[in-house]
Structures are given as structure tokens and as C-alpha cells.
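Accompanying notes for the structure given below.
What follows is calculated from the coordinates using simple rules that are stated; it is not laboratory data. Not measured: the values here are computed from a predicted model. In this analysis, Cβ positions are derived from the backbone assuming ideal geometry, glycine residues included, and neighbour counts consider all displayed protein chains.
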Amino acid sequence: MNKLSILKFTQRLVIILVAIVISYSCNNNTSSDGSSLKCEDFTLQNFNPLENWQKDSAENKTIFIDYDNANGGFVLPTVKQQKDGLFSFEFEIKNNTSSNQKFFYKLYYQNETYKFPELDSSTNKEHQYAEENFYGSWENTSTLFKEISLTADNNFHKIQGNFRIIGNPRNEERYIKNGINNRWQRNPRVGKYSFLLVVVSENDLKNIPAYIQDIHKKNNEHFANPYYYYLFGEGKQLKNSIATKSSGTLKVIAQPNLGNGIYVNDNVYGGKDYDKSFFCATCGQDSNLFKNAPLQQFINYVDISTKMDNIPVVADVLKDNYSKMDYNWNKSFYTKDELIPTIIQTAKHPCQTVFSDAKEKKVIIKNPGTTYGEWKKESVGIITRHGLTYGKFRVKIKMTELLNKNNVWNGLTNAIWLITQGGGDWNFRRNCNKNGYMATYWGGSTDKRVPAVDYTEIDFEILKTPPYCPDNTFPPVYKNPNDNNKNINSWNVKLPDEILNTDDKITVACTNWDMACSEPKDFGIGCNPVDYKGQTYYAHRWDQNYRALTEKKEETDDELFAGKFYYFEIDWRPTEIIWRIGPSPDKMREVGYMNDKITSIANNQMLLIITQEYHNTKWWPGTPYAQDNIPFPANDIPGEIYDLTIE
Amino acid sequence: MPQKKVRKLIIIFSILVICGFTSSYLFLRHQYAKKFNTGAELVRKDSAVLTTLLSEKIDFESMENVSAEKAFSGKRSFKIESSIEYGFGINKEMNAIPGYQGLKNIDIEVKCWAKKKVEAVYVLSVEDKDGKNIYWESKPMNGDKTENWRNLHFTFNLKPETINPAYIIKLYPWNKAKEEFYIDDIAVNYQGMGIPVPVGQSSTSNFLYDFESNEGLTGTESIKQTVAHSGKMACDLTGGREYGPLVVKKMTEVSTSLIKKITASVWVYPMTDKPNAVLTASITNSKGESVFWDGKSTENKPFPKNQWTKINASFSVPPEKISLEDKIQVNVWNKGRTDLLIDDMEVVYGEGADRKGDVSTIDANSIYEKKFSPQKNKPPFRTIYFSKQNFNYSSLSGFTPNDEFIVGDFIKDKSNLDEIICIHDGKAELFSFSSTTNEFTKVKGKVLSVDSLLKIKKNSEIHDFTFFKPTDITFSGDYYGDNKSEIVKLNMDWRFDLKLVQEERGGYVILGNIDFKGYSNDYNPKYYEFTKIISGRFISSNQSTLIVISCNCSDADFNGKHCNQMESNTSLPNSIGLYKIENK
């Protein structure tokens, strides 16, 4: 080694050493590992945010949401899950100075799975929507930093504290009404949580803005995300402060026990008297169900203007070998006065068609069979009672088959969908800054536009209908039948090839109701391709004022509904929605994908609904079987829900 | 079979044979000879079908100078007073009937109320433009029921020489005895063979052009033998050729009313990338002015080179801009003038005809509130199922709906079961059911006299047209096996309409629509073009059952009464079955 080389080596060594010294010196130190962190005035080590939870698991811990008595909002942990109902955290701190010192600390938590990044890499500023992230700190937001007094003994001192994760952690006025903090209106999100411990010197504390110390406070009408402040923003420059993000996380999973009952809410019957004779221990209104049932019977919205004139036939399409010829004859050879004027029905006798099985922890729903004189097509379903924002909603379910062995449709739509928890202002979705949203869900194309609405919906709707895209083969060209009984071919018309080619398939329609907000930069109408993981999906919107964007994928009815069960998953993320289906959780495949470039993605709180519902097929142009020409069901049509997991 | 029975049978047969076998045989031979006309070339029936060309209904509700004294429906009817000789008349120029060239008959239903039997007749008169009578026919309007609304049903058959676009059809009641009565709800169906259509669908609104022939097309110079989607021919739009063949239809050719939609499809074979071919629909009025144009392009759609890809289009037609005299054009415009081929163009005009009949009067709320109660003889009716019995039908496989059948307990034995005499091709044969072998077998013996047998059959028919239509076929029997008699009523005028009827206090009550169960695949008897029912106590002396013979017919002008050429249809093969009610 010559002198020059030695010199260069020395220079590099010095640079490295200086860098190390700087990084561990007296500005805000951030670390995500378990090693000690040091600044000029103090040193931290052994930060454990969940000291009393799953002690055997050091890093990734899990907690299942306790649905019992959770009407006021989810709490993590509950007293059932952890004595005192609190997580305890701990860390060790050493005073590095030669005098007694006061230090101050605060613990923050944030949901990491469903968040916007704190830093907007394009502007190098806080992300516009980082304030929407679910983060919190002390339950009492007016408790700011907590004080630690340390002597200069050159020893580490263990500091312990408690916290819990609750709804409305910022105690926002939006969710407080008549002095009641409705924490359930902003429930803790599922997914992984991180923990940020911030310890500061007395001097640094003075420089931390009030809206960071008190997460209830706003800065210029907006909340400020503390993670951004400490990890990327001005907080990073604090001289004698350490912000350390735990390496371990807490995964929150919601998996309600489906055997815990179905509650019946009077409100859905509009205050009118109704039959309660089917109430039982697992379905009804008793106080146990009111407190603990995770589900409620769902009553579909029925547009009374969409009257059907149904053929007067009662048959079991799935079991009676009902054929296309049966369909065609019934379509052509009933007179108007033989038809049954009706609208889609909903349950008039709650608990008659929904059952919660406490033993097998499952729910059974049944579209009831009907008879001559009663003639009804009754939709059936359940809805969760606790709202969530974002999550991977996965159901293990055996829904009814939709096609029979002749591939004739029974008229039902199997739907797994998320719907706004409603509520008005508190549950408004983020403002639409370009043209606004269509004001109502049900209004026409001339509905007024408003900056914000509470309506949101994300759907799986599975039925017999053709794809809209690519639109060269839409709509199918259906021949007109002619009611000449002397010639079979005149009335028994063949379906177009493009329909028969997928005769055994049903369509999985994936829809996001964005209420026609045109703010997304690639907002479009007609068919537009969306690429995701090597697949191209076609998103379709009828016109500028159409409230929903739909992607369709054809799948075989037998695979989805003839087996023992199948999984359906809506992965609702802040900037994406991914629809997946599969035979098991580890074999899920994407069938739909949308992102915030093409559609406004909901950020409010929603509920999950599972229904077997009858649709007016006028909603689904191009459908080969018209609802009016499909028989009334002769027998009950059951569906079974085995599991709901939200993570 | 015991010898005694055989002897009895031989005696019966012999007497009947002496009475008139020879003459009957010759007569029926002539009538049914065509059945085995296997040498005749099959006519492609789909090219012309018997269909309703035009329907009209007059309920007098919006007319002035009509009677408000009584009405069958609504509040008004037409009163024919004793001073009036000719009642409300319908005049129709033949050229106002879409497809009048194929007009075969006029079917009329009219409701009539009279205090007593009337001698009036309903008249069809065909006249030329100068008022000269070309054809005249009348049907009696009498009926047994008085002081009640009666349904009268007439069918006037028209001969080819009475068809001329300039002729005028006149329909009216002739009150020749100057009596007083009311008429209401006149429904007229002009029925005939639909215009030829080049597609395997029997409809005047569905058309497929496969370019194998130029029929129905203009501007066909681009059609040639080339790469084709089907067959050998396609339309070649290469070398800058801009327009494909044109389909032109007058509105009245494809619909009896203004159409609201045109749907069309065509297969496109681009020879270059990014073709821009436009499937177009346009409408011009009688002055030749364009009143509508729309098109759908292949541009920006997945039409890969050297591959057949279909384009579908749906065009909404503004009804306020069009009239029945307008012409509709559909074609392909090669807007991009790139090289491409097109083939198999399909056009569907309109959205299909409305269902027949009046709007249902059922109160939907009565259903929701579970208070629905059916009204006597008004739809919707219950469905009563007859189930197919699992027998060996091989000995009956020669039965066809052309045959005549007589049912009775001809063999006096302990079983008390009915036997069937089948008159087939001028020959009568006897069949009976054996409960031992669970099958029908032909009874061996001499041939029966056909003439006398037919006389027996005619005597058993019902002639009460106050409830039944003249075209109804009726059978009576104990179908529930409860020692009560019911009537099975079949009407095939429009559809296979089979009802179970019960006599009640001198009238009749429809118990329900009869449908079938237990058949294989799609072989429901009601789907066949030509069906014959035989009723009797064939398998049980306590319960009547139905033997249903179901066939399809390939006659081009099949009228539902006799078929010259039975059709073997693989999806709906000709079949026979015995059906009975399983449960009450």
C-alpha cells in the first residue's frame, strides 16, 4: 500500500466515522430496530410497544377484534382480551448529561396497511391525504407529552405506560354529537399498526407545534400527521429528540362469529308494525342480540317504479330441468292479462329467511319459494353492524347456483358488497373537487352535483349478463321471437353465438360507485383498459353522469357456486380496489382492479352486505334472460355463509 | 287373450266392415295418402310461416255515438238497434296489411249481448276499388246464452284470387232480422304466411345475409368468392371500395308499428391494421329525404388483422321522425378505405311484438297482502300437472296427429278399461292396455269400418259454444279419479292451450291450465307443432288419462289440422306418452 492509498483510506475512514457520529448525535433520531438510540442528552433502548400482548411473539403480533358489546365502537384490546383493557408499552432511557433532566415522551400509533404515504415524493411535502390516516395517541388528546425526570446516574430507567386503540382517536368534532363521542363512526382500521415513540428534551418540546402535540388540533383547517412531522418533516430537525418507530407491528383482524346472531332493526321497517313471530334466540331484537350480534337482516332498497309483469309460472329453475325452450315458450305464449304485476319483494317476516347457526358458526339465507296466488320473488341478505374504512373483506360462502344444467338463469344475483354506513355529514366521502358528485344514489342523470356525499358502494354482483367490453360485441343481437305455434323455430329462437359461447358462465361484475366524480385524472366513459399485474381489465361507464364504474369477468357458474364453498374478496385500499375470487385464501385470483386514477375511491365507513337478490334486468342491458320471463321460485333457494374475515 | 273375447270382437268387426269398409277406405286413402309422400322434396318451412300480419282491436271506448248502456269492457259498446241493418264496419285496404301477399285468413273475436237469440250474421266482403264484390261470406252470430256477454269467434279463409293490394276488406254485422243487440271488443287478426326471410328464424323482423346469394340485397357487385366467415362468399371491400351491399326494407315489411330500435351485426376481416368500417342504419322518408342516420365504427376497437371479428350495433330510432312509409337501409361503410372483407350480416328490426291480450287487471297489492282470490274463468289460472307414465309405447309409435281415434270399452272384460281404435291411412286398428305387461298392444282381428266409427266419434263432441270456442277440442273424463267428471279443453288457435274444466250449475269453471311433467328433455307436448290428444280410462277404470301424440310438421303451409310431411327434429323428436294427474 503506498502513501496515496493510505491517505485515501484514512479520508474515507474519517468520513464514515463523522457520518456515524452525526447520525447518532443530537438531532431527532429515528430508528425502526431494537438497538439503542442516542442523542446528546439521552439514550433510548428496548422500546416494546406491546409488552403485555402475546409475549411469546416478539415482532408481529395479532389481535382479533372483539365484536361483543361493540356498538359503541371497536376497542383494542377489550377487557375480555386483556386485563384492564389496555396495552402496556415500555422503553428504557438513560440521562447522558451530568445533571438531572426532564424529558418528555409520547406514543403514537398508526395503521400502516391502509394509509397514504406520509411523504409525497413528488412535492417532498406531507401527502395531501396523510391526515386521513388512522393514527392516534393517548385516548385523552389533551394529554400531551408525558414527563420523565431522570437523575444523571448513567443508568437506564424503564418507563412504562398504557394505551389502547379506539375509534375517533383524534376526538374529532365530526363524530361528536350532543356531547357524545361516537367512536364507532371512525372505528379502528384492520391491518397492521406501527408504534412511534417520541422522546424529546424540554427545549425541543417547546418547538413542537401544538397540533402535533395534540392530535385533536388542526393546522390551517387540516390535521397534521405526526408520523410525517417526526419522520420526514420539521420534527426530524429537533436537536435533542428521538422518534423511534417500533420494528414490531400489531395486526388487527376482524372475524365476527357468524353464530352470534342476527339483529333486526325496526328502522328498516319504517316504524310500521311487522310480524315478529319468527324471532328466536339467534335472530331478533333481544338485548343480547342488540349488544353482540355482528349482523343484521338486510332489506334491499326496492324501486317501486320498476314494476315487473312476470309470467305466471312457479317453477324450480335449478331442479326442474327448466330449459331454454321452456323459457322461450313462456316468453312468447302468455297473454298480458295472464301476467303477474309485481315488484321485487323484501322480507316482511324478519328471521323467516335468515338464520344464524350458533353451533356451526354460520349464517343461512334463503330466498323463499312461492305458490300460486302468492307469486313473489323475494331478495334476502344480511349486513354487518359495524362499519370499517378499508380492509380486505373475504367471505367463505356457498351461494346458490345461478344456472341450471341447461344453463338457464334462475334470475338471482349473488352479491357481496360494501355500502356506506350512511349517516350524513359524519360519513361524507372526501370532497370531489371537479364537478362534484351526483347528489343522490337513485336520482337520474339530471341530478344536481354536490361537493360531498355519504353514498359509497363497492360491489361484487354475479349474474347472467354479457360483458360490456370490448364493446364491439355489445349489445348482443337477439332475434325477435314470433308467436307462431305451428313453427317451433319462430318462437324458440337461438341465442347469439357470443352468448352461447359462454353459456355455462356467469358474469362477475365488479363495481365502484364513485358517484360520477370526474376528479380522477383518467376518468373516462365507455370502455377503458386498466392494466394490473399483467392483466388488462376493461372499466366501463355509460356516460359522464353515470355513478358507477364496472368491470366484468366471466367465470363458470359451477366453479363458483356448485362446490362446497368459494371465497370472494374485496380488497379496498386508499388508492386501489382489487376484487379477487378463489377456492381458498392462498389461491385467490384477481377478477377486477381499479385505482384512484380512474375512479374516486371511498374513504368513509362502510358495511358489508351479502345478498341473493332479484334484479330488474333493465339494469343490465344485454341480459339474455329477462326477469319478467323467469318463473317465480317454487322452492327455497338457500345460501350459506361460513366465514367473514376482514384484515 | 281369452277366446270368448276374440270371438266377440270378430263379430263386431265383421258387422262394421260390411257397412262400408270399401267406400271409407277409398275416401280416407285419398285424404291421408300424402302422409307417406316421402319422395316429395322438403320445403324449407322457415322461409314462410303462418303468422299474424296485423292485429286490430276496437273497444269503442274513445268513439262518439256509441252506447254507454252496457259494455263488456270499459264503459261503452256498439248498440245495433232494430232500425239498423248493418252494424259497425271495419274497412281495410289490403295494401295496408304488412305482407298482405301472404294473407290466408281473418280471425275475428267479438263480444255480443242480446236479449234473445239473434239471426244476425257477421260478414266478410272483399271488394275492388269500384265497389264490385269479389268475395262474400257470412257467419251466424247466434248463441244459446242470452242476456249475457258471449264470445263469438269467426275465421274467414281467403282464397288467393281474393288477394290484391287494391282490394278492400269489409267486416261488419248484418242485422238482417232487424233485432237489437250490442257488440264490444272486436279483435281482428289478419293471418297469413310471413314474407320470405333468408334466415332460419320464422320472423319478419330477423334477417341474416350470408352473401351466398344476393337475395334481399342491392349493390352486390362487391360480393365474391373469397375468404368467407361462412360458406364461400363474402363482400370484398378492397382497393378503396367504400360501400358494401345495402339492405333496404320498407318499415311495413318488418313491423306493423313504428320500430324503436334496429340491431345489427357483421363479421369483419381486416387485411390491414386499424380498420375503420362503420356498420350503419339510416331511414329515408317517402320523399327520399334522410330522417335518421347512425353508425358504429370498428375504429379503436380490437379488430386484429387477418382475423374475423364481429361488430354488433344497436341504433335507437326516434319515433317522432319516422313513419310506416319510410325505408330503412343497413349497410357497411368502409370509411377508412382500408382493405377488408365482411360477411354474415344480421339485422333485427324492432324489439319484438308485444304480448297479446289486455293488461292484467290483477291488483298487485292483493298479492302482497295475500288477499288474492282468483276470479271465475279469468286468468291467471292454477297449473294442473299431468305426469308422463313410464310405459313401453312402442306399439303406439305409429300413431300420428293426422290419425283419427275412437276410445271406448270395446272389449267387455273385467278390466273395464278403454281401448283405442286408431283410424290410420283408411285402416282401423284396435289397441288395448295390458296391466300385466304394462304396455299397449295391438288387438289382432279384422279391420273395422271407418265410416261408422267416425260417426260414433262425432256424436260425442261438445257443441256448447257459449263457453267453448268452435275450434276447441274437448274430452270428458274423471281425471282426478274421484268419481267426478271434468272436461279437458284443448285450443290450438294461437298456442297449445289445454285447460281442465268443471261443469258447475249449468255453466263451466276453468280449474286450471294443464301442463305436463315427467317427459324427457324438452319433449313437453305443448311445444310441438302438431299434437293430438286421446282421452280415456286406459290404465285404470277409476281415472281418465290422456295419450298425447306430438309431432312436428315441415309443410310450408301447415295449418295445424293436417300435415303432409312430418318432420324429424333431433332436439324435439316426435313422441307419444300417456299422462295422468298424480295428486289433486
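General remarks:
- Residue by residue along B:353-364, Cβ atoms of other protein chains within 10 Å of the local Cβ number 6 on average.
- Chain A: angle of helix A:3-23 to the longest principal axis, Cα-based, in degrees nearest 10: 70
- Charging the Cβ of each Asp and Glu at -1 and of each Lys and Arg at +1, and nothing else, the dipole of region A:258-646 about its Cα centre rounds to 420 debye.
- Computing FRET efficiency as 1/(1 + (r/R0)^6) for A:LYS319 and B:ASN300, where r is the C-beta to C-beta distance and R0 is 56 Å, gives about 0.75.
- CD proxy at 222 nm, helix term only [per DSSP H run n ≥ 4: -39500 (n - 2.57); per residue of chain A; nearest 500]: -2500 deg cm²/dmol
- For region A:247-314: rounded, prolate or oblate by the Cα gyration tensor [a/c cutoff 1.5]: prolate
- Beta bridges from DSSP with both residues in region B:50-193: antiparallel share about 100 percent, rounded to the nearest 5.
- Legend: distances between Cα atoms for B:LYS70/B:LYS376; A:LYS377/B:LYS75; A:LYS359/A:LYS553; pairs beyond 29 Å are A:LYS377/B:LYS75; A:LYS359/A:LYS553.
- Summing +1 for each Lys or Arg and -1 for each Asp or Glu among the other residues whose beta-carbon sits under 11 angstrom from that of B:LYS335 gives -1.
- Across region B:50-193, C-alpha contacts under 8 Å between residues 6 or more apart give a mean separation that, scaled by the residue count, equals a relative contact order of 43 percent.
- Note on B:367-379: average number of Cβ atoms from other chains within 10 Å of each residue's Cβ is 3.
- Mean silhouette area of the protein assembly as shown, derived from the convex hull of its C-alpha atoms and averaged over all directions, reads 68.2 nm².
- Eligible aspartates and glutamates near A:LYS307 by straight Cα distance, threshold 13 Å, same-chain separation 8 or greater: A:ASP628, B:ASP363
- Candidates B:VAL118, B:THR220, B:ASN65 compared by Cα position along the dipole of chain B: farthest toward the positive end lies B:VAL118, with charges placed on Cβ.
- Spin-label zone in region B:541-584 - amide nitrogen under 20 Å from a point set 7 Å from the Cα of B:GLU504 along the C-beta vector: B:583-584
- Mean Cα-pair separation over length for chain A, i.e. relative contact order, pairs under 8 Å, 6 or more apart, %: 15
- Bridge type composition, chain B - antiparallel percent by DSSP, nearest 5: 95
- Taking the charge dipole of region B:330-428 about its Cα centre, with +1 at Lys and Arg Cβ atoms and -1 at Asp and Glu Cβ atoms, the residue from B:TYR393, B:HIS424, B:SER373 reaching farthest to the positive side is B:SER373.
- Net charge dipole size for region A:26-253 [Lys, Arg +1 and Asp, Glu -1 on Cβ; Debye, nearest 20]: 340
- Rounded to 5, the percent of DSSP beta bridges in region A:163-300 classed as antiparallel: 75
- B:GLU253-A:GLU92 pseudo-label distance in nm [points 7 Å out on the Cα-to-Cβ vector]: 9.7
- Ordering of A:80-86, A:407-413 by packing [mean C-beta count within 10 Å, highest first]: A:407-413, A:80-86
- Set A:LYS55/A:LYS251; A:LYS38/A:LYS106; A:LYS396/A:LYS552; A:LYS479/B:LYS287 screened for pairs whose C-alpha atoms are more than 24 Å apart: A:LYS479/B:LYS287
- Residue-count net charge about B:PHE381 - beta-carbon cut-off 10 Å; Lys, Arg +1, Asp, Glu -1: +2
- Packing here is the average count of other Cβ atoms within 10 Å per residue, and on that basis the peptides A:113-121, A:396-404, highest first, run A:396-404, A:113-121.
- 13 Å Cα-Cα reach of B:LYS116 towards aspartates and glutamates, excluding residues that sit fewer than 8 places from it in its own chain: B:ASP144, B:GLU147, B:GLU179, B:GLU180
- Relative to the longest principal axis of the Cα atoms of chain B, the long axis of helix B:450-459 lies at roughly 90 degrees.
- Crossing angle, helix B:3-32 versus chain B [Cα axis fit, 0-90 degrees, rounded to tens]: 40
- With contacts taken as Cα pairs under 8 Å at a separation of at least 6 residues, region B:206-349 carries a relative contact order of 39 percent.
- Computing FRET efficiency as 1/(1 + (r/R0)^6) for B:THR155 and B:THR272, where r is the C-beta to C-beta distance and R0 is 45 Å, gives about 0.15.
- A viscosity of 1.306 mPa s and a temperature of 10 °C, combined with the Kirkwood radius over C-alpha pairs in the Stokes-Einstein formula, give region A:26-253 a diffusion coefficient of 88 µm²/s.
- Computed from backbone phi, the HN-Hα couplings of region B:99-115 come to x, 4, 4, x, 4, 10, 7, 10, 10, 10, 10, 9, 8, 9, 10, 8, 6 Hz, rounded to whole numbers (Karplus: 6.51 cos²θ - 1.76 cosθ + 1.60, θ = phi - 60°; Gly and Pro given as x).
- Computed magnitude of the charge dipole of the protein assembly as shown (debye, nearest 20; Cβ of K, R +1, Cβ of D, E -1): 1460
- Here the calculated FRET efficiency for A:ILE525 and A:HIS349, from their Cβ-Cβ distance with R0 = 41 Å, stands at 0.40, rounded to the nearest 0.05.
- Computed label-point distance, nm, for sites B:VAL291 and A:ASN501 using a 7 Å Cα→Cβ extension: 3.7
- Within 10 Å of each Cβ in B:296-302, the average number of Cβ atoms from other chains: 3
- Counting only lysines at least 8 places from B:LYS274 when in the same chain, those with an alpha carbon closer than 20 Å to its own are B:LYS296, B:LYS301, B:LYS305, B:LYS310, B:LYS335.
- Applying the Karplus relation 6.51 cos²θ - 1.76 cosθ + 1.60 with θ = phi - 60° to region B:288-297 yields 3J(HN,Hα) values of x, 7, 6, 10, 7, 8, 8, x, 10, 9 Hz, where x marks Gly and Pro.
- Amide H contacts of B:LEU511 (H built 1.01 Å from N, under 5 Å, at least 5 apart or other chain): B:LEU500, B:VAL501, B:GLN502
- Label zone at A:ARG449, where the point sits 7 Å out along the Cα-to-Cβ direction: region A:509-525 residues whose backbone N lies under 15 Å: A:514-525
- Net charge of neighbours whose Cβ lies under 13 Å from the Cβ of B:TYR528, counting Lys and Arg as +1 and Asp and Glu as -1: +1
- Cβ-to-Cβ counts within 10 Å put A:HIS157, A:HIS127 in ascending order as A:HIS157, A:HIS127, the fewest first.
- Using θ = phi - 60° and Karplus 6.51 cos²θ - 1.76 cosθ + 1.60, couplings along region A:563-580 (whole Hz; Gly, Pro as x): x, 6, 6, 8, 10, 10, 9, 10, 9, 9, 10, x, 10, 8, 10, 10, 9, 10
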